[in-house]
Structures are given as C-alpha cells and as structure tokens.
Amino acid sequence: MSGTHAETVRYVRDTMLPEQAPPLSAAGPIAWVRTNLFAGWFNTIMTLLSLAVIFFTLVELVPWLVQSSWTATSLNECRAQIVEMYGEGTTGACWAVIRERYLQLIYGFYPSELYWRPSLAFVLLIFAVAPILFERVPRALLYLTVIYPFLGAWLMWGGTVWLPIGAFMGFVFAYLTIRFVGTRAGAIVAAIAAVVVAIVWWLFLMGPVVQEFEQSIPLALEPVESRAFGGFMLSILIGVTAIAGSLPLGILLALGRQSDLFIVKSLCVGFIEFIRGVPLITLLFVASVLLNVFLPPGTNFDIILRVMIMVTLFAAAYMAEVVRGGLAALPKGQYEAADALGLDYWKAQRLIIMPQALKISIPGIVSTFIGVFKDTTLVSIIGLLDPLGLSNAIRSDTAWNGVVWELYGFIALMFFIFCFSMSRYSMYLERKLQTGHR
Amino acid sequence: MTIVTDPPKESFRLGMLIYDSRYRSLTIQAVALIGFMLLAAWLISNAAQNLAALGKPIGFDYLADPAGYDINQRLIEYTSRSTHLRAAFVGLLNTLLVAVLGCALATVLGVIIGVLRLSRNWIVSRLMAIYVEAFRNVPVLLWIVFFMAVLIETLPSPRAFRGDDPTASMLLNDTVAITNRGVYIPEPLFTRSLGDISVFGAFGISIDLLVLLAVLAAGLWAAHRVAVRADAIQEATGDRPTTWWQRLLLIVGPVLVTLIALGFHLGYSELKGFNFQGGIHLRNSLIALWLALSLYTAAFIAEIVRSGILAVSHGQTEAAYALGLSPNRTMNLVILPQAMRVIIPPLISQYLNLTKNSSLAIAVGYMDITGTLGGITMNQTGRELESVLLLMLVYLAISLSISAVMNWYNNRVKLVER
C-alpha cells in the first residue's frame, strides 16, 4: 500500500504553510487608498476635487498666516514690516493687533490693575463646575458650586461683600424653613412658607441689615461699573449665567407643559411658544429700551443684568422643549411604575423620571448651551462690548483702521474652541451614561 | 328590604384645599392664575405710570407719518416720503426675501453636504465634517460680518471695470458684474407687458408675473395628472408608460409660449459714470446675509439629513431589493419617504431659525423689518413699546404659520401604529 502510494503521489505536504500577508492590493495602505479614494470614476473625481480644494486653500492661507508681523504698532507699520521681511508684494497677517489688544479682547475695558478678579472668578468657575461635570472630582467642591454665583458676582462687580452674602442668606433662610416647617406641616406648606420667608427677607429686611454690617465691618472690593465689562469675559459671564439659569427654569417649564393642570399648562405653552417665536434680538431690544418701562418708576438696574435675564428666559424656552422631548420619549411604564411604588409627584420626578429624561436629552441640552453661548455675540447689536463689538472699537482706532481678518479669525477661533469642547463633552457624557443594550 | 347606604358625608374643610388631591389641583391653578394676573397687572400699571411720566401716549398713529429715510434694497415702490407703515412693509418683504432665498440655498447645500458626509471617500467625508464643525461652532453673527468683509475687501470696485485695459471684467458673456458695491444681474423685461394691478391702492403687482405663475401652476397640475394616469395604468396592467417627456413638455412648454407672447427679454446692466446702471442690483448686505445664513444653516441641515438617512435601517433596502425594486425606485419609494419623516420636522425648525436669524441683518445694514421698524423707525419716533411689540408680533406670525405647516405635514406622514 505504501509502495503504491509512494509511486502515485510524488509529494505530500505534512506541515502547514506559514500564513502569508495578504497581497498589497487587498490590504494595507494601497488597498485602503483604492477602496476609499479611487473606487470608481465618480469617487476619483471627488477625491481629486477635494485635494485641489485643500491644496489651494493651503497655498492661499499658509503664507498669509506665516508671513506675518507680531511686533508692529499700527497696520501701516505691519505692512511695511512684512514687505521688508518677505519682499515686495507680499501680504501677510498682522498678528500684532492681537498681541497688542488681546487683553482688551478678553477683559474689555475692565481696569487693568483689577484683572486678577475676573481671572480668579474664571478659575473658581472651573472648580465650581468640575464636580458637576466629572464624577472623580471630590464632592466637597460642591459647596463652592453652591456659593459660587454670589462669590463670582462679588468678584466681578466688586462693592461690599455683605450684599452677596445677604442675597445668599435668603436662600439659606428658605432652606431652613423647609427643613423645620417641612417636618411639622408637610411639604406644600413648607414650600409656600420658604418662598414667603425669602421674599420678605430680600425685600424688607436685607437692605437695613446689609447696611448695618457694611458700617460696622466695612469689607469691600473696589466697585467696577458694568460699562467697563467686555470681551470674552462678558460673553462667558452672560453665557454661563444663561446656561446655569436656563436648565432649572427649562425643566420647570417642561413639567408645566406636560402637566394636567390646564391653567399652568397654558401659561407654560404661551411663554414657550412666544419666546421661541421671536428672534433673540427683539428680546435684547426689550432688555435695552423697554424693561425699565415695565419696572416701578425710578428703578434703573444694570444693562448687563437685564440682558442676562432676557437671555436666560430665551434659553429656558428652548431648554423646555428639549426636556419635553426627553419626557415624551420616556416609556409610559416608567410613570406607572413610579405611581405603583407610591411616590408622590416630585419624588417620582426626582428619582425616576428626570434622571432618565435628562439623559435622553443630553445632546439637545448641550446644543442649546452651545447656541446660547454663540448667541451672546448678539449683545454687540445693542451696544455692549462683546468681542465683536470690541473688534469694531479696535478698528475705530486710527492705528488699526482696516484690520479685519486677524480680529475675526481670533474671535472665531476662541468661539470654536469653547463650542467644540462643549460638544465633545456631551459625546463623552452620552457614552458614560449609556446603559442601554443597543 | 333594600338598604340604601349613603357614603358618609364629608364636611368640607379648608385644609382639604391643600391636602386632598381632588381639590389640590384647583388650588394650585387658582394660585398660578392669580399670581400671573398680579404680575401682569403690576407690569402694566408700571408701564402706564412710566409712559405717563414721559408724556408718551400709546398708539399706532405714528405709523401713518412720513418715514423720512431711504431704503436702498426694496421690492416695492418706496420713497422717503412714504409712511412708516410702508417702510415696515418693505422691511417685512425684505425679511421674507432673504428667508426664502436662504432656505432654498441652505437646503440644496445641506442635502449635498449631508450625503457627502456619509460618502465612503475618506477625504470627502473629512472635508465635509470640517465644514460642518467650523460653521456650527462659530456664531452666525460673526459669519455675517465676515462675509460682508469678504465682499467689500476682496471684490473689484466698479472703477476696475473701466478703461481700455480693465483689471476686472463682467462674467457670463458680459451679463453679470460682481463688484464690491454688490452684484448686478440682468432684469427680466417684457415688451408687451400687461402692466401692474394695484392691491388696496398701496402697491402694484406685475400682471406678467401673475400670468407666468398661473401658467406654471397649470403646467405642474397637468404634469401631475399625467403621472397619476401613469400610476393607474401601472396598477391595472403592470406596465408603466414612459411619461417623463410629456411631463417636461407640459411644464416647460406653456411657460415658454407665454414668455414669447409677452415679449420677454433681459435688461443688462452697463457701466455708466462711476457705477453700473440698469439691471437688478443685489446689494452686498443682501448677498452677505444670504450667503452667511445659508452656509451656516446648511451645516445644521447636513447633520439632519445625515441622521435621517442613517435612521432608515438597512433591512428596508434589502427588503426592497428582495421585492425586485430597482435601486432608483428603492430610493424613491422606500428609503426617501421614511428618511423624510425623520428629516422634515427638524428641517422646518431650521427654516424657522434661519428666518429668525435674518433679523441680524441690522449688523450689515440690510433693511429687513428689524432694520426699518425696530431700527430707524423706533429711533426716530421714540415709540419703543409699540415698535418692539409690532416687531415681535410680525415674527410670531411668521413662526406660527411655519409651525402650522409643520404640524399639518407631521400629521399627514405620521406612522399609524397599532
């Protein structure tokens, strides 16, 4: 047998061949280029077109970016320097304007010896926001988050320390009322009592008490007027206030819109649809020329505060619709399960409905945040000096008359960094909270 | 014996308004209503006091006064002697003009970019991603002023078109001039024009335009009938007659005949003196606003289109192929209708956003309704309350009508579930 076999079959492989790399045309960079860039004539044309676009953009842009002047003190000097360095006929960016004015673009006309205050406020803001954004940050920082609105406002505007403390005490008193009345008389009575206590404190008691403290322990920062605020400081101030205020307000509006109570529902729907139906600029007109008409004669409060209120209301209406989407997307069984457990309305919302509804609406919430932050540029139309308003102010200086691209580019880049990181954070959050099995 | 047992009569106690869930909702609503009415009364009384102190009565008669300012980009007749009301109306038409132009361009660009972003071609999809991120993460106001700067700074001035050896030349066989003062395009003229009809004696509408629109509508309706008939034949016999050329002829033919009958020709703009004369002058402000709004909104529409296409599961395509549908008909009959259901509602809310963002025209001096009624009229007359109120009402009316269309469409295409 073995003899015949040996005669008929000349060669039998008794070991496996080692695995070979796939041919170059099926794997590796060449294959990748083939399937992704040059698959078919249409694909090839698109690739070549894209390459052409990229090439010409870079050819136009890179020399302009690089052949630039950083040291000049006026636009004409900039041009002269660039011609001197890179030869006749070259045009380049005049980054000197950014170098000279970047502090103004960031702080506006805030007194330069007080720059540490907004800077400190910004650093503290990061620490105050961190425990909300990231789980690994120590929980103790949440105390900073609670007092930050008052601390930040004090740092920015200055003045006596007792005013923000007084305003904060209103919330403390309201909280204490809920704690003490709540155990004896039930939640609703406690809530009403807390609101009454806080309002009485703010309207009638706070003023004299603050004055008393101010006289006995004068502890104050140099006050800074709102007119001096500007630049990215102003954008961030308005943006952060609107973002922080619009989420709770938006949740309440969304709950109101979903509620069975007819009057509450119609009020919420009316508010939301009205705000969403008009452009932000008309609300800013209201803030700049009309809000004082609707307030008691003689009141004249800060333009920045008025703008912040209007932008917050505007953002809240959009937020309400986003949250309502999340509420509507939640299966009805969740509501029924909460009822079956015997939870009352607020407990059910807090423990079961809201955590899920907010998780669903994260992308919408963050894109509303980004939209609000971008919309803070609109305040330049009513004459506040946000970065865009400042760019006009800088151009009205004879030394920099005619500088356009450098300023717009810088402002656009800053906004891009802020907004892009916000959208990336929302993606991170979505992944972190992803518990489904899809 | 029947024993009638009445439920024990509860006497009503005041505490039940809070603790009894039957009455609690009434209490809450009553409190909310009273609170709202108190707030409104407070605001109104403050406003009344303040306005009385300023000596400003509330009234809209100022709208009938002559406006006294010029509007350079307008669709209807307007002079500085016209009334404020007419100025506001010119502004409203300008708002609608830029909104319609913007929505059209943004849709086209958005669909193309959204589809290309899904392309298997790596470079193309990256490029489109960069476009989308760049436009979405930078404020639209910045884009508007940026485009305005591009138009003013980079385009040739009309002077560059003059002389024996001009540095700039008109495009498309000397019909379109792109200058830093705006774009000049030919205007349609009719030698046998039918004239204008006057609406309420306020402004004229060209009868030629109305006739053309009517003929176009009739053509579209006839083409639709042909398609319906083709559908019926296909239902009955399984064969679909080829009708595309009939439909094309029905749409294009009558319009062409009408144009010839009316003596249609183009009026070109020419360089006279320091500027171009004749033709239609699209100002820089309009072009900058239009481009910025369209490109900005297109980035959002691209994302909507992309998610809409991704939302249709691949099983639908496979099922359609299994039924023997061609790729074209699969796209038209299976994929698109389902993708549209996802795409349309956010798309219309983008149209709404674009319309509302057009109010930023004031930053580049385009006279839309915010620029006329909320800008010059308000500043000249000092009637802030009335002007802002009217302005809000106008935008609210536009928004609500677009929303109404959206709701109608949503109801029409809603999935009827079990």
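Rule-based calculations on the coordinates, nothing more; no lab input. Because the structure is predicted, anything quoted here is derived from the model rather than measured. With ideal geometry, Cβ positions are generated from the backbone for all residues, glycine too; neighbour counts draw on all protein chains shown.
With Cα atoms as the point set, the radius of gyration and Dmax of the range A:221-280 evaluate to 16.6, 51 Å. Counting Lys and Arg as +1 and Asp and Glu as -1 over every other residue whose Cβ lies under 13 Å from the Cβ of A:Met85, the net charge comes to -2. Which value at 222 nm does chain A reach when only helices count, each DSSP H run of 4 or more adding -39,500 (n - 2.57), with the total divided by all residues and rounded to the nearest 500 deg cm²/dmol? For chain A, the value works out to -22500 deg cm²/dmol.
According to the Kirkwood relation over distinct C-alpha pairs, the hydrodynamic radius of the protein assembly as shown is 32.5 Å.
Amide H contacts of B:Asp196 (H built 1.01 Å from N, in plane; Pro and chain starts excluded): B:Ile207 sit under 5 Å, all sequence-distant by 5 or more or on other chains.
Which FRET efficiency value, to the nearest 0.05, is calculated for B:Leu209 and B:Ala397 with the Förster distance at 41 angstrom and r the Cβ-Cβ distance?
Given R0 = 41 Å and the Cβ-Cβ separation, E is 0.95.
Label positions at B:Asn332 and B:Val252, each projected 7 Å from the Cα along the C-beta direction, are separated by 1.8 nm.
How large is the Kirkwood hydrodynamic radius of the range B:74-211, in angstrom, based on all distinct alpha carbon pairs?
About 19.6 Å, per the Kirkwood formula over Cα pairs.
Using just its DSSP H runs of length 4 or more, each adding -39500 (n - 2.57), chain B gives a mean residue ellipticity at 222 nm of -20500 deg cm²/dmol after division by all residues. Model label sites at B:Arg240 and B:Ala218, defined 7 Å from Cα along the beta-carbon direction, differ in position by 2.9 nm. Annotation: the residues A:Phe262, A:Phe232, sorted from fewest to most other C-beta atoms within 10 Å of their own C-beta, follow the order A:Phe262, A:Phe232. The long axis of helix A:303-329 is offset from the longest Cα principal axis of chain A by roughly 60 degrees. Nearest 10 degrees is fine. How inclined is helix A:231-258 to the longest principal axis of chain A, computing both from alpha carbons? Compared with the principal axis, the helix lies near 80 degrees.
Mind sorting B:Arg117, B:Arg225 by how few other Cβ atoms lie within 10 Å of their own Cβ, fewest first? Write out the running numbers ahead of the final one.
Working: B:Arg117 20, B:Arg225 12.
The order, fewest Cβ neighbours first, is B:Arg225, B:Arg117.
Extents of the range A:226-433, taken as max minus min of Cα coordinates on every principal axis and listed largest first, are 72, 48, 24 Å.
Number of Lys-Lys pairs in chain A with C-alpha atoms under 26 Å apart and a separation of 8 or more places or on different chains: 10.
Between A:Arg424 and A:Ser259, the modelled label-to-label distance comes to 4.1 nm, taking each label 7 Å out from Cα in the direction of the beta carbon. Could you work out how far helix A:141-157 tilts from the main Cα principal axis of chain A, as a 0 to 90 degree angle to the nearest 10? Once rounded, one gets 70 degrees.
Each principal axis of the Cα cloud of chain B was taken in turn, and the coordinate range along them, longest first, works out to 112, 77, 49 Å.
Arranged by the count of other C-beta atoms within 10 angstrom, fewest first, what order do B:His281, B:His84, B:His314, B:His224 take?
B:His314, B:His224, B:His281, B:His84
Taken as entire DSSP H runs, the helices of chain B that both span 18 Å or more between Cα atoms along their own long axis and average -0.5 or more on the Kyte-Doolittle scale are B:21-54, B:84-117, B:122-136, B:140-154, B:207-237, B:244-262, B:284-311, B:336-357, B:384-413. Phi-derived couplings, Karplus 6.51 cos²θ - 1.76 cosθ + 1.60 at θ = phi - 60°, listed residue by residue for the range A:102-115: 5, 5, 5, 5, 8, 9, x, 9, 4, x, 5, 6, 9, 3 Hz, with x used for Gly and Pro.
Mean partner shielding of peptide A:286-296, defined as the number of other chain Cβ atoms within 10 Å of each residue Cβ, is 5. Unpaired cysteine residues in the protein assembly as shown (no second Cys Cβ under 4.7 Å): A:Cys268, A:Cys419, B:Cys103. The amide H of A:Gly159, built 1.01 Å from its N in the peptide plane, has A:Leu221, A:Glu222, A:Val224 as neighbours under 5 Å, considering only residues 5 or more places off or on other chains.
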